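The values are calculated or read from the model by the stated rules, or taken from the named source; none is laboratory data. For clarity, every value in this text was computed on a predicted model and none was experimentally measured. Here Cβ is always computed from backbone atoms with ideal geometry, including for glycine, and neighbour counts include all displayed protein chains. Just so you know, the surface numbers come from the protein's heavy atoms only, side chains and all, with ligands and any DNA or RNA stripped out. Shrake-Rupley method; radii C 1.70, N 1.55, O 1.52, S 1.80 Å.
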Amino acid sequence: MSTPENSYRYDSTLAADIESRWQERWDAEGTFEAPNPTGDLAGDVSDERFPAGKFFIMDMFPYPSGAGLHVGHPLGYIATDVVGRYRRMTGHNVLHALGYDAFGLPAEQYAVQTGRHPRETTLENIGTMQRQLRRLGLAHDKRRSFATIDPEFVKWTQWIFLQIFDSWYDAERGTARPIRELVEKLGTDDPAVIDQHRLAYVSESPVNWCPGLGTVLANEEVTADGRSERGNFPVFKRNLKQWNMRITAYADRLVDDLERVDWPEPVKIMQRNWIGRSHGARVRFDLPETGDGVEVFTTRPDTLFGATYVVLAPEHELVERITTSAWPEGTQDAWTGGAATPAEAVAAYRAKAAAKTDAERQEDREKTGVFTGAFATNPVNGEAVPVFVADYVLTGYGTGAIMAVPGHDARDFEFATVFGLPTPRVVDGEGDLPFTGDGVAVNSANDEISLDGLGVAEAKARVIAWLEEKGRGTGTTTYRLRDWLFSRQRYWGEPFPIVYDEHDRPIALPESMLPVDLPEVPDYSPRTFEPDDVTSEPEPPLGRVQEWVHVELDLGDGPKQYRRETNTMPNWAGSSWYELRYTDPHNDAVVTDPANEAYWLGPRAEGETGGVDLYVGGVEHAVLHLLYARFWHKVLFDLGHVSSEEPFHRLFNQGYIQAYAYTDDRGAYVPAVDVQERDGGYFLGDQPVAREYGKMGKSLKNSVTPDDMYEEYGADTLRVYEMSMGPLDVSRPWETRAVVGSQRFLQRVWRLAVDEETGAPLATDEPADAATLSTLHRTIEGVRADMDAMRFNTAVAKLIELTNHLTREGVRSRQVLEPLVLMLAPLAPHVAEELWTRLGHEGSLAHVPYPAFDASLVVEETVTCVVQVQGKVRAKLEVAPSATEDELTALAMADANVQRAIDGREVRKVVVRAPKLVNVVV
RNA sequence: GCCGGGUUGGCGGAAUGGUAGACGCGACGGUCUCAAAAACCGUUGUCCGAGAGGGCGUACGGGUUCGAGUCCCGUACCCGGCACCA
């Protein structure tokens, strides 16, 4: 607390005073408002303040939870703010703002519990969060903030949906095109034909139906054991009519363009794995008895000579047709499933497979299956191979049928072992069967073709060419990626801008009718059922508002009755395009003006993708959000609405701040604040408690809030502490008692410039001594490099070293203090602004150029030369930086300690790296 | 199982193949003070030694190199993602 004696001491009270004054001033002066090329935010983008051009920074935007923030939440926001402020001082026009992702399940559930409208509670939460964040002093352009629930924002989310609905993918040209061009191309406008090609389409598809919650769930909302994350209710696969997005059309571009963006390699790998592109072949196995053929997909056509049986998924359409009426002569008992005929065996097996939930399928990994009685012909060697039905083959991938090569596939090998099938080797290499590594083909020849002696890649190419020539197969590519299930039976989401006509065909609403607002409903919850009631049907909340659902509209051919779509969009919709809205947040005529989009997001050189210059967020969005956003952006690019091919050019994943939590002997959490560490243990009073490590949260009783930190230390201290804890991309534990170190640092800087008792300025106009100048310029060089590389922890360390030097030497020269304050400004902006003013400057330092270093001053007068003998340090010499190798060798040899270490042995070699190192080898 | 990432003092963490432990927390000692707090100064990997100095140290075992926390091979453990995707 400040006292009358030292009311100019930099404590939390003074910090709070400084911080609120500067926050008000920044707001009043519009310090962080970034001009646009055109529109309502237009300004001079070629202003002399911006010699370095534009810089667009984004945070993954927050979901405004009712619980409020803890100190872990702002980590990324502080980091982007530091980058933004630094870029501003290096001459960039910086676009940085923060919106809110405000639709979603938590708000809906809260509404169900309290009966209050989710909009009301969501807006309240946004208000709370804005207050907490404002206190951090983030340099956002507040004119550009928005929430996904704003009607103006919803309008454009719905508009983008209509663009996607109104286009198709031209695979030949590799681009999306308007649907009218498909109508011209096909010469028909029959909806039954056209609707099948749309990028947004309705289809009957299997979804996660949770009767206990009364809604379908996204895959990510279902736990690994097949229950809902919320409520732990069972989840069933049900076929339901749903909206889908044809993201699979973009699979190749989504994979290929990963090479053109600057993202962490692990995230790229996760996206590649998720898309799961695999090259292989479709191969036809004839079934001579019925005249059918079964097409299988394989990534290893080179092992075709080792295929000893064929497996169909239980749901495969050919299963019933090919199953024979009696077991062939000599059928092994193990193949029959104990049934009298193949038809009975297959029917029983299919029934059992259908009854299994996904979770159960995952639990029983033992290979099961039954023989269909049918044989297929291996197209390369004419051998008759048995056809099985087994649930280890999945219906949704490839063709739902495989050729089994037990010698070179682990799953096939397991199955073959259980069913007593042969496992020939057709690839030679080091290792037992099943051998899946690279090797040389063996036993792989017929009269026309031989793969023997070829490597895997060559053998694949050779056999595919032969199959294509014979019309028995084709080289092909498949993907793991599925189309994006885009509807939810929820209230709190964007309504679809779609109505159905009397034929139940989806019709797009015209742009003039956007946005379609959510109606008021009597009850926000969907109808729920007994948790295990598999036969129940979902009833979306919007379906209950009959007067909203049934609507009379004139869509061009006179007023008619229509039925509205009652599903809503998933939570991902808003975040799939919000980067665009920051560039032109109030535009009512277009999603973003092309000039604004091109300036902030457009590619700056031939072949670049464009996109946000820096996007910071957690790695948990590595796949879903980032894939959806890339997909939408590419559609808009194809349709000519944006000039950038990718939404986010550079991605950075920040780590998390975690915390210790403590449990007593009953396993209950105790308040972490009250736990003391002593005698190598942890205690609550006299009671020993156990320590755990994990997320910060109310339930673990280990939350620390930003407000606690503002109160005790101030926002600048919190910012500096969070930036100095460690590298930004690494998770680390919070330690409140260490925060004081950052406060002491700021206090030392403050004391250099301000008299704590009187408030008088202490900076002098005397020039600094040579040693100090050298330290200063080395600091500037190092801090600039650290800031460029986002190594804020080491930047802070260097500033502390400089400050400690000045404190120790009593240097208060303006020549040093001014650059110190400017370098501190991105990290601790309020106190820096205050000191800048007290150093006699008017106006904010936000656009003052960041200090530059003088290379001639970076050189030190002497350097420490390390002398090693056999790689071990034996002496240190203070030498001139210009010392030559010979001089250094002579000095080293003259050192008594070095001679003692050499101990009379013959010197075989001397390695010198002037002027820092001499290594004597004996 | 597969694919990523990691493992450095009591703690968070620094280290272009060249002084391991910057900076901070904590701890210990000192200055100031009637006293305390704050501040400032000093010490702080570990073992041996009065000291000078020396031995050992970056999960573990090997290797490359004049020199390895850093590069290579293998092992263990921790965290994250995917999981019968042919």
Worksheet item: Taking the stated definitions as given, is A:Thr368 of a type in the set (S, T, N, Q), without any contact (Cβ under 8 Å) to a residue 60 or more places away in the chain and open to solvent by 10 Å² or more (accessible area, probe 1.4 Å)?
Response: yes
The residue that is least open to solvent (accessible area, probe 1.4 Å), considering only those in region A:140-163 that are of a type in the set (Asp, Glu) and in contact (Cβ under 8 Å) with a residue 12 or more places away in the chain, is A:Asp141
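Do we have A:Arg253 as in a strand (DSSP E or B), open to solvent by less than 50 Å² (accessible area, probe 1.4 Å), out of contact with any Asp or Glu (no Cβ under 8 Å at 6 or more places or on another chain) and not hydrophobic (A, V, I, L, M, F, W, C) here? It would help to see each step written out before you state the result.
Details: in a strand (DSSP E or B): no; open to solvent by less than 50 Å² (accessible area, probe 1.4 Å): yes; out of contact with any Asp or Glu (no Cβ under 8 Å at 6 or more places or on another chain): yes; not hydrophobic (A, V, I, L, M, F, W, C): yes.
The answer is no for A:Arg253.
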Checked A:Thr331, A:Thr357, A:Thr377 against criteria (of a type outside the set (D, E, K, R), modelled with pLDDT of 95 or more and surrounded by fewer than 19 Cβ atoms within 10 Å (Cβ to Cβ)); the one match is A:Thr377
Residue pairs qualifying under the 7 Å Cβ cut-off, at least six apart or on distinct chains, with the first in region A:164-192 being among the basic types (Lys, Arg) and the second being part of a strand (DSSP E or B), are A:Arg177/A:Ser167; A:Arg177/A:Trp168; A:Arg177/A:Asp170
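Of all the residues that make up region A:265-296, how many are part of a strand (DSSP E or B) and either near RNA strand B (Cβ under 7 Å from one of its atoms) or of a type in the set (Gly, Ala, Ser) (or both)?
Start the filter on region A:265-296 by keeping residues that are part of a strand (DSSP E or B), which leaves A:278-287, A:292-296.
Those left that are additionally either near RNA strand B (Cβ under 7 Å from one of its atoms) or of a type in the set (Gly, Ala, Ser) (or both): A:278, A:280-281, A:293.
Within region A:265-296, residues that are part of a strand (DSSP E or B) and either near RNA strand B (Cβ under 7 Å from one of its atoms) or of a type in the set (Gly, Ala, Ser) (or both) number 4.
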Considering residues that are part of a loop (DSSP other than H, G, I, E, B) and within 11 Å of RNA strand B (Cβ to nearest atom), the number found within region A:868-913 is 5
Residues of region A:748-772 being part of a helix (DSSP H, G or I) and in contact with a Ser or Thr (Cβ under 9 Å, 6 or more places away or on another chain), in sequence order, are A:Arg748, A:Val749, A:Arg751, A:Leu752, A:Thr772
Only one of (1) within 11 Å of RNA strand B (Cβ to nearest atom); (2) more than 20 Å from A:Phe285 (Cβ to Cβ); (3) part of a loop (DSSP other than H, G, I, E, B) does not apply to A:Leu394, and that is (2)
Within region A:171-203, residues part of a loop (DSSP other than H, G, I, E, B) and within 12 Å of A:Arg246 (Cβ to Cβ) come out as A:Ala171, A:Leu199
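Just wondering, is there one or more residues in region A:448-456 that are under 27 Å from A:Thr331 (Cβ atoms) and part of a loop (DSSP other than H, G, I, E, B)? Even if it seems obvious, please write down each step before you answer.
In the first step, residues of region A:448-456 are kept if they are under 27 Å from A:Thr331 (Cβ atoms); the result is none.
The answer is no; no qualifying residue exists.
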For region A:497-514, pairs from a residue that is within 16 Å of A:Val154 (Cα to Cα) and outside any loop (DSSP other than H, G, I, E, B) to a residue that is open to solvent by less than 50 Å² (accessible area, probe 1.4 Å) and not polar (S, T, N, Q), with Cβ under 6 Å and 6 or more apart or across chains, are A:Ile498/A:Pro506; A:Ile498/A:Glu565; A:Ala508/A:Leu162; A:Ala508/A:Phe165
query: surrounded by fewer than 21 Cβ atoms within 10 Å (Cβ to Cβ) and within 15 Å of RNA strand B (Cβ to nearest atom), is that true of A:Glu722?
result: no
Listed by first then second residue, the pairs whose first member lies in region A:297-318 and is over 11 Å from A:Ala281 (Cβ atoms) and open to solvent by 10 Å² or more (accessible area, probe 1.4 Å), whose partner is within 11 Å of RNA strand B (Cβ to nearest atom) and part of a strand (DSSP E or B), with beta carbons under 7 Å and at least 6 positions apart or on separate chains, are A:Thr308/A:Ala404; A:His316/A:Ala401; A:Leu318/A:Leu312
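Residues A:Ser742, A:Ser703: which one is of a type in the set (S, T, N, Q) and without any contact (Cβ under 8 Å) to a residue 60 or more places away in the chain? Write out each step before concluding.
Numbers: A:Ser703 fails: without any contact (Cβ under 8 Å) to a residue 60 or more places away in the chain.
Of A:Ser742, A:Ser703, the one residue that is of a type in the set (S, T, N, Q) and without any contact (Cβ under 8 Å) to a residue 60 or more places away in the chain is A:Ser742.
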Within region A:783-792, restricting to residues that are surrounded by 18 or more Cβ atoms within 10 Å (Cβ to Cβ) and part of a helix (DSSP H, G or I), the one that is nearest to RNA strand B (Cβ to nearest atom) is A:Asp786
Of the conditions (1) among the acidic types (Asp, Glu); (2) touching a helix residue (DSSP H, G or I) at 6+ places or on another chain (Cβ under 9 Å); (3) surrounded by fewer than 17 Cβ atoms within 10 Å (Cβ to Cβ), the single one that A:Asp886 does not satisfy is (2)
Those residues of region A:61-97 which are open to solvent by 10 Å² or more (accessible area, probe 1.4 Å), within 19 Å of the chain's Cα centre (by Cα) and at pLDDT 95 or above amount to A:Tyr77
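Do we find that A:Leu98 is part of a helix (DSSP H, G or I) and closer than 24 Å to A:Leu614 by Cβ in this structure? Outline the logic, then answer.
Values: part of a helix (DSSP H, G or I): no; closer than 24 Å to A:Leu614 by Cβ: yes.
For A:Leu98, the condition - part of a helix (DSSP H, G or I) and closer than 24 Å to A:Leu614 by Cβ - is not met.
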Of A:Thr764, A:Thr807, A:Thr775, the only residue that is within 14 Å of RNA strand B (Cβ to nearest atom), β-branched (Val, Ile, Thr) and surrounded by fewer than 16 Cβ atoms within 10 Å (Cβ to Cβ) is A:Thr807
Filter region A:737-761 for residues that are open to solvent by 10 Å² or more (accessible area, probe 1.4 Å) and of a type in the set (Val, Ile, Thr); the one that is nearest to RNA strand B (Cβ to nearest atom) is A:Val740
